[in-house]
Amino acid sequence: MANGNDKKSKKKVIILSIIGVVLLGLVALVFLGSNKETIVTVQTEKIEKRTITQIVTATGKIQPEVQVKINAEVSGEIIELPVREGQRVQKGQLLVRIKPDAYQAQFERWQASMSVAEANLQKADADHKRVSELYEKKLVSDADMDAARTTYQVSKATYDQSKASLKEARETLAKTSIYSPMDGVVSQLKSELAERVSGSTFTQGTEIMTVADLSRMEARVDVGENDVVTVSIGDTARVEVDAYPDRRFVGTVSRIANTAKTTGLQTQDQVTNFEVRILLEAPKGIQFRPGMSMAADIETETRANVFAIPIQSVTVRVPKVEGPKPEEPKEGEAQLAIKKSKVKEEDKLDEVIFVVEEGKAKTVKVKRGISDDAYVELTQGGAENMEVVSGPFKAINRDLENDSKVRVENKKTGKTGTIADKGESK
């Protein structure tokens, strides 16, 4: 029994010894691993001089530069409609005629009234002249003179009123026939022959058709309030029309709205835009139609031979504070200090890039200028041929700090190596 117990004791000691060795090994690995410096894998690109073209992208519709909506100014039945949609018309050509019978009768009635008023005025004028002569000879009384003068003035007022009413009736009658105000095309026809339309002098009447000059087309796009300040009259635009997916057309900014268009007012989705019009140059064989969808890249500014880096290379970091540490606020001032720090928190962030020097990432404070889709201009910081970190996004925005060790892996060259330490290969 004693020998059996000794064997069991020895076995326990061996097992405990093995467990102890394993635990010591694990502790050593954890300790050594915690002391191992992290190496961040990055991609780099040389800072070079480039030509940067700043672009504002917007979407919208194609519309004629000049188009006129034809609305009825009098009410009645359409008795003539000699044009059809898509037809080319000339200035002064009849577009539509509204039944004029009632307006013709009104015109003739005022014509007759005008004739009566004119005759009464002539008689009153003659009577007034005769009484005036007699009055000068003191052959009539003051009352007779006043009566003759009053009769003349009333007749003249009646004549003037009839004349004005006749003119109005003539103009109303003329409005029953509508003629084209310009050379163009009937781009939209909304009414049909025998249809009744309504109209008056004081309200907008029924829209009958639209006449447009399709030889001069423009793109109308909405540009956000932050971008519109960079757009100027005469800027070049590259326009893509959905109907012609494989082509890009050149246009010129011709007009910028002074007043904003706001949608979703007083909501989280509120958007403020300004309408920008781009005059298009249509190549031969291309026909733009009103309402076509399009997208435009407006080239607002171009700078040649400037230092440029990939847009994603620029990030932000909290700047290092040099000098003595500021005093802690007193208890009564603590809340005020917290509020001030929150207000100025964004102002304290520096825009920086990371450049690679001797295997380490170094932060360089920069200021940006204009940018295009891929590159941004450096107006301060950086120098030609410096290796700037261009990826990955996570490394630039989170992992890298000043003096972080890096390993460069550029896909373009296919070479992999550690610049941090020439002796290391991993």
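The values are calculated or read from the model by the stated rules, or taken from the named source; none is laboratory data. From a predicted model like this one, the values you see are computed outputs, not experimental measurements. Positions of Cβ are generated from backbone atoms using ideal geometry, with glycine treated the same way; all protein chains shown enter the neighbour counts.
Going by what's in this entry, would Gly224 be described as more than 30 Å from Pro283 (Cα to Cα) and modelled with pLDDT under 95? When the stated conditions are applied, Gly224 does not pass them.
Residues in the range 289-317 that are among the aliphatic types (A, V, I, L, M) and outside any helix (DSSP H, G or I): Met292, Met294, Ala295, Ala296, Ile298, Ala304, Val306, Ala308, Ile309, Val314, Val316. Counting the residues of the range 362-381 that are in a strand (DSSP E or B), under 19 Å from Pro392 (Cβ atoms) and in contact with a helix residue (DSSP H, G or I) (Cβ under 9 Å, 6 or more places away or on another chain) gives 2.
Exactly one condition in (1) assigned by TED's automatic domain parsing to the domain that holds Ile298; (2) modelled with pLDDT under 95; (3) touching a Lys or Arg at 6+ places or on another chain (Cβ under 9 Å) is not met by Gly199; state its number. If we test Gly199 against (1) assigned by TED's automatic domain parsing to the domain that holds Ile298; (2) modelled with pLDDT under 95; (3) touching a Lys or Arg at 6+ places or on another chain (Cβ under 9 Å), just (1) comes out false. For the range 358-369, residues that are surrounded by fewer than 15 Cβ atoms within 10 Å (Cβ to Cβ) and in contact with a strand residue (DSSP E or B) (Cβ under 8 Å, 6 or more places away or on another chain) total 2.
Residue pairs whose Cβ atoms lie under 6 Å apart, separated by 6 or more positions or on different chains, with the first residue in the range 404-418 and part of a strand (DSSP E or B) and the second small (Gly, Ala, Ser) and modelled with pLDDT under 80, are Lys405/Ala420. In the range 249-271, the residue that is surrounded by the fewest Cβ atoms within 10 Å (Cβ to Cβ) out of those that are more than 22 Å from Ile233 (Cα to Cα) and of a type in the set (Val, Ile, Thr) is Thr267.
Here's a check for you: in the range 171-191, which residue that is part of a loop (DSSP other than H, G, I, E, B) and over 24 Å from Pro64 (Cα atoms) is farthest from the chain's Cα centre (by Cα)? Explain how you work it out, then say what you get.
Let us first name the residues in the range 171-191 that are part of a loop (DSSP other than H, G, I, E, B), namely 175-176, 180-183, 190-191.
From what's left, over 24 Å from Pro64 (Cα atoms): 175-176.
Values: Lys175: 39, Thr176: 41 Å.
Going through the qualifying residues, I end up with Thr176.
Among all positions in the range 160-173, there is at least one residue which is polar (S, T, N, Q), surrounded by 17 or more Cβ atoms within 10 Å (Cβ to Cβ) and farther than 24 Å from Leu121 by Cβ.
Taking the range 280-300 on its own, how many of its residues are more than 9 Å from Phe249 (Cβ to Cβ), touching a residue at least 12 places away in the same chain (Cβ under 8 Å) and loosely packed, with under 12 Cβ neighbours inside 10 Å?
We begin by selecting, within the range 280-300, every residue more than 9 Å from Phe249 (Cβ to Cβ); these are 284-285, 287, 289-293, 295-300.
Next, only the ones that are touching a residue at least 12 places away in the same chain (Cβ under 8 Å) stay: 287, 289-293, 295-300.
In the following step, the residues that additionally are loosely packed, with under 12 Cβ neighbours inside 10 Å were identified as 287, 291.
So the answer is 2.
Would you be able to tell me the number of residues in the range 260-279 that are free of Cβ contacts under 8 Å to residues at least 40 places away in the same chain and either part of a strand (DSSP E or B) or within 12 Å of the chain's Cα centre (by Cα) (or both)? Steps first, please.
Step one: of the range 260-279, the residues free of Cβ contacts under 8 Å to residues at least 40 places away in the same chain are 260-270.
So of that shortlist, the ones also either part of a strand (DSSP E or B) or within 12 Å of the chain's Cα centre (by Cα) (or both) come out as 260-263.
Total meeting the criteria: 4.
May I ask you to say which residue of Asp160, Asp146, Asp101 is touching a Gly at 6+ places or on another chain (Cβ under 9 Å) and without any contact (Cβ under 8 Å) to a residue 24 or more places away in the chain? Of the residues listed, the single one that is touching a Gly at 6+ places or on another chain (Cβ under 9 Å) and without any contact (Cβ under 8 Å) to a residue 24 or more places away in the chain is Asp101. Assess whether Thr201 counts as being β-branched (Val, Ile, Thr) and surrounded by fewer than 19 Cβ atoms within 10 Å (Cβ to Cβ). Spelling it out, Thr201 is indeed β-branched (Val, Ile, Thr) and surrounded by fewer than 19 Cβ atoms within 10 Å (Cβ to Cβ).
Counting residues in the range 128-136 that are surrounded by 13 or more Cβ atoms within 10 Å (Cβ to Cβ), not assigned by TED's automatic domain parsing to the domain that holds Ser75 and not in a helix (DSSP H, G or I) gives zero. Scan the range 50-92 for residues that are closer than 24 Å to Arg238 by Cβ and of a type in the set (Lys, Arg) and the total you get is 2.
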